Amino acid sequence: MTSLMHMVGRRKFSTGLPSIFKLHRMDAYRGIQVWKSLVQTNTNRLITRQYSRLDTNRNEQQSSSIIPEERYKNEIAAFERGKRRLALMMEKDPETFTDQDIEEALAYLLPSSLFAKDARPIMKHPLELLPKIQEKKIDKDGRPFAAGYYTGFPAFYNTIHVIFFIRFKAIKYCLQVQFGNEIGEREELLMSLSLGKEVDRLADEVTQDLAPADFSQDNTNLSFRWLSSDQMKDILQEDITDRQYDYLIARLERLQQFPNSNRVKDFMDKYRKNVELRSTKVKIRPLSVAGVSYNKGKRKTAVANIQIQEGTGNVTINDKSLVEYFQQLLHREQVLYPLLVLNLTHAFDITCSVRGGGLSGQAGAIRLGIARALLSFNEAYKETLDECKFGDKFWIILDTDELLHRDPRIVERKKPGQKKARRKFAWVKR
Amino acid sequence: MASRNFKVGTVYTRVLGLLKSGAIKQKPLWFDIVETFPPILPTMHNRAPVPGRARKLQYWEDEVREKFYKEFKFIEPVNLYETDNKPTICDRFIMHYEQFSQEETDGDVAFAKSKEALEQEGVTFSRIKEKEEKEAVPVKENTASEDNASIENIFQL
Amino acid sequence: MISVHILIYFFSSISIVIGINPLAHKDFFDVRQLYSIKSLFDAGVHLGHKTGVWNPLMKQYIYGDRHGNHIIDLNETDRHLFLALNVTSHIAYRKGVILFVCCRPQFQHLVQKTARECQEFFVIQRWRGGILTNAHKLLPVPRLPDLIIFLSVPYNMDAIRESAQANIPSIGIVDTDCNPNLITYPIAGNDDSLSSLELYCRLFSTAILNAKVQRQNDDNYTIDKSNDGETPRDNSRAEMAS
């Protein structure tokens, strides 16, 4: 504590100091006590020690409440008070004092040289730090609340049930839209989908608010990714097995593929995350004065420098034509692929110089360079180049689908004790 | 802790015993109900099966059906989703047969009469035997001799 | 052995309406009205498996062998089904916990839906071994069911054995290839087709819901809801649970 006081008292501050730091020794001591009550480190012992003192003051009603805000009322109040004090100390407006500001304040006032960031002083809202309240499992009649109580994974089965229910609603709407009210023997039709009387009965429960216009195809969203197993366990608060996780993802995937699944977007958003497309980081260089786009591409050890101009479709590589330089159709197609996807093979003249690597690597490098260079002409190309919608014209299978992504694969190093990167020495019995 | 008590007596007798001995203080919720409405056969994990097999269900209509389907070629699809159990052509045949067999002693006569009755109702019959005759492949004459030996008649030489 | 039984919760929460004891009546909940033998037939309950795969223990429930397929005797089914539905209704009336068990993938949604409709419980996909006999470890609060309904017996033999070990009465739909010995109230019937399973689910859920409605009506009419003259209600464990 003395060292802290020392630091507080003698610190050299470059920014405008709050007056509190021109402290007398005694005030500094009081200051430290204030920090202690405000700040907690993320160790269970400290939390329980602090809050165990507060526990005894807690009201009966509050202790039995399952709503976190009520149960931890005292802790939240203490946090808010501390936050105000901290704001005043830093001479900032307490009303607009954000979490970021708290972090900065603590880093400033209580600098810590500890390596582990977790062990440094932090000040967070109690609900983030305190353990989640265990809900009551059994009601006053002695019956469990959850229908799937005896499975061991009630939350998992709740999710499954909701997905199943939504899907059946969706099937019903598909039928409505397709056949409207003209179905003579609708029951037979429903049964022909091998759903049985189940759907018919569910049809009674289904709401009528979905209009046929909502039957849209626009729901394929490439920028989503389902949560991982660990994240799912976190959400469900249950330790589901790998099999159950796979099953859940399969159900969600099927749900997403449904035409009007965008109606239940809120439900599905709980189980998926936005994935930033890698190509959002691609920088677009401006064209030169002469209307030439310069860019580079790399693949394995090959490096290509690309110049693209508007022209008639000539491709020159290291002063040779495309056909001369690349004998194989595979490589020629790699080079032209970005233009093929955009249907612009006739529109541009390409000059490139490429060094290093082998033929395939050089072809890949040129491809990347061309894709990047094309963006300078029209930013709208980015969409097509991202998703690579080439339709049914594929005749050669290509390495990657994302043209704007630099292929990070390189030759794997050789390891000692093995003949090559993976090949082991011949196993000898003796 | 797994016990092998479940092999002794029924759920009811075990719990009754536990209550009597004082191991359990209170009756379970279901106890009175199972006492009042006991199962038809008390559970016994090693109950021996009743000897013998199930009887075969054969009816006189089965013979008629067999004969009918042997004689006539009828592939009539039945819609299983329809639960009103509309009688098939064979069923109708049997209804007629039943009437005629009360009058006639000879089964064949009753059979023929039922067929006539159905034809009057508008059913066209095609006999399997007739169809087989039409589709019969003509048998080739044995034209093998050493003069015109070939692969076709090699086994006939 | 004894520890297993201490796990079971005894809630004798019977509120006996003045003058009415449901157990005194043969069919207090009018379970007879829920089905007829014709409805069983239409749902295909009588259809058993091929004779070669039968279990000889099912002989008394089988009507006969029709061209290599066993036909289940619907008279027997009727008797057993009536008894089972009656018992289910009484247990539901007493607010007992009823557990539907069916671990077959084609019926999992049906079973879950049925259980949720009548506010009871289900186990689908996989029966966790020891959930009854090792409840202290596997359940947050070891409250065991008062009745277990098995909608498919051959896939759940371990669960049936466990319910016998835990001294919980069970109802089970037994097909011609099943072993009915350990089930308290077996019901002979087809367990493979959707139509018959839908029928059973509908019957059980209707019986349970009717019983619950009856219970609510009776509760509203009781003058004395407390436990006068009865064994005291064991509330201590419920409080421990909260």
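The values are calculated or read from the model by the stated rules, or taken from the named source; none is laboratory data. Given the structure is predicted, the values throughout are model-derived calculations rather than measurements. A quick note on method: Cβ atoms are made from the backbone with ideal geometry, for glycine too, and the neighbour counts reach across all protein chains shown. Surface areas here come from the heavy atoms of the whole protein model, side chains and all, with no ligands, DNA or RNA. Shrake-Rupley method; radii C 1.70, N 1.55, O 1.52, S 1.80 Å.
Per-residue mean of foreign Cβ neighbours for A:81-92 is 0 (Cβ atoms of other chains, 10 Å radius). Are there residues in segment C:181-199 whose accessible area shrinks by at least 40 Å² when all protein chains are included rather than the chain by itself, and which are they (probe 1.4 Å, ligands and nucleic acids not counted)? Residues shielded by partner chains are C:Asn181, C:Leu182, C:Thr184, C:Tyr185, C:Glu198.
Placing dummy labels 7 Å off each Cα toward the beta-carbon, the span from B:Glu66 to A:Leu329 is 6.6 nm.
Relative protection proxy for A:119-132, A:143-156, from highest mean packing down: A:143-156, A:119-132 (other beta-carbon atoms within 10 angstrom).
With a 10 Å cut-off around each Cβ of B:9-17, the average count of Cβ atoms from other chains is 3.
For segment B:37-50, the Karplus equation 6.51 cos²θ - 1.76 cosθ + 1.60, evaluated at θ = phi - 60°, returns couplings of 10, x, x, 5, 10, x, 5, 9, 5, 10, 5, 6, x, 5 Hz by residue, with Gly and Pro reported as x.
Estimated translational diffusion coefficient (Stokes-Einstein, Kirkwood radius over Cα pairs, 20 °C, 1.002 mPa s) of segment A:69-129: 172 µm² per second. Looking at this model, which pairs from A:Lys273/A:Lys300; A:Lys233/A:Lys273; A:Lys83/A:Lys137 are more than 25 angstrom apart at the alpha-carbon? Too far apart for the 25 Å limit: A:Lys273/A:Lys300; A:Lys83/A:Lys137.
Distance between the pseudo-spin-label points of A:Ser113 and A:Lys415 (7 Å out from Cα toward the beta carbon): 4.0 nm. Taking 26 Å as the limit for the C-alpha separation, the pairs A:Lys92/A:Lys283; C:Lys38/C:Lys95; A:Lys140/B:Lys27; A:Lys270/C:Lys137; A:Lys124/A:Lys265 exceed it in the case of A:Lys92/A:Lys283; C:Lys38/C:Lys95; A:Lys270/C:Lys137; A:Lys124/A:Lys265. For the residues C:Val87, C:Val213, a 1.4 Å probe over the protein chains yields an accessible-area ranking, largest first, of C:Val213, C:Val87. Legend: mean number of C-beta atoms from other chains within 10 angstrom of residue C-beta atoms, peptide B:38-49, equals 5. The solvent-accessible area of A:Lys117, taken with every protein chain present and a 1.4 Å probe, is close to 140 Å². Available extension along the chain between A:Ala77 and A:Arg225 is 49.5 nm, counting 0.36 nm per residue and deducting the alpha carbon span.
What's the magnitude of the charge dipole for segment C:36-219 around its Cα centre, counting Lys and Arg as +1 and Asp and Glu as -1 at the beta-carbon? Answer in Debye, nearest 20.
I would put it at about 480 debye.
The shape of segment C:91-187 comes out rounded: with a ≥ b ≥ c from the C-alpha gyration tensor, a/c is under 1.5. For B:Trp60, A:Trp427, the ranking by accessible surface with the largest value first comes to A:Trp427, B:Trp60, using a 1.4 Å probe. Sorted largest first by accessible area at a 1.4 angstrom probe radius, with every protein chain in place, the residues A:Arg243, C:Arg79 fall in the order A:Arg243, C:Arg79. Note on A:Val323: accessible area is roughly 90 Å² with a 1.4 Å probe, heavy atoms of protein only.
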